[in-house]
Amino acid sequence: MWVYISSQETWQHQQIHSGMVCKMSLVSKFKKDLNLLRAAANDEIYLDHKNPKLYKKLIRYYSKESVTLSGDYFEVYDIIKENLKRDLKLTELNQ
C-alpha cells in the first residue's frame, strides 16, 4: 500500500511496513543535522544542551507525528531519543 506524505514542498511516496509509515521525512527535514541527531541517539551528546533550538524542532516534529510527549522533562527527552533511534534505524535499513 502506498500513501502520500507531504513534505514542505514536495510529495513523497512512502510504503507502509507493518502498519507504520517509514519516516523518511525525518531525514529530509533534518538533513543538515543528521550527525547531531545520531550523536544524540547514541548518547554521545545531550541535544537539549548542545542545540536547544533543534531539540525544540524535534519536539514539534514528533508532536505532529502523534507521538505522546507526556511526563516530566527527562521522560519527554527519553521519548524523543527512543523515537529518534527508531526512525534513524528505519532510515538506515531502507537505504
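Here the Karplus relation 6.51 cos²θ - 1.76 cosθ + 1.60, evaluated at θ = phi - 60°, turns the backbone of the stretch 86-91 into coupling constants of 4, 5, 5, 5, 4, 5 Hz, with x for every Gly and Pro. Phi angles across the stretch 27-43 convert, under the Karplus curve 6.51 cos²θ - 1.76 cosθ + 1.60 with θ = phi - 60°, into 3J(HN,Hα) values of 5, 5, 6, 10, 3, 6, 10, 4, 5, 5, 5, 5, 4, 5, 5, 8, 6 Hz, Gly and Pro given as x. Sorting Ser70, Ser25 from the fewest to the most surrounding beta carbons within 10 angstrom yields Ser70, Ser25. Loop-located GluC sites (Glu not before Pro) across the stretch 27-84 with a Cβ neighbour count of 16 or fewer within 10 Å are Glu44, Glu65, with loop assigned by DSSP. Figure legend: label point modelled 7 angstrom from the Cα of Ile45 along Cα→Cβ; residues of the stretch 52-75 with amide N under 16 Å from it are 52-59. Computed over the stretch 23-93, the P(r) curve from all C-alpha pair distances, binned at 10 Å from the origin, holds 20, 62, 18, 0 percent per bin. Among Lys64, Lys29, sorting on how many other beta-carbon atoms sit within 10 Å of each Cβ, with the fewest leading, yields Lys64, Lys29.
Only the coordinates and a few stated rules stand behind these numbers; no lab work does. None of these values were measured; they are calculated from a predicted model. Neighbour counts run over all protein chains shown; Cβ positions are idealised from the backbone, glycine included.
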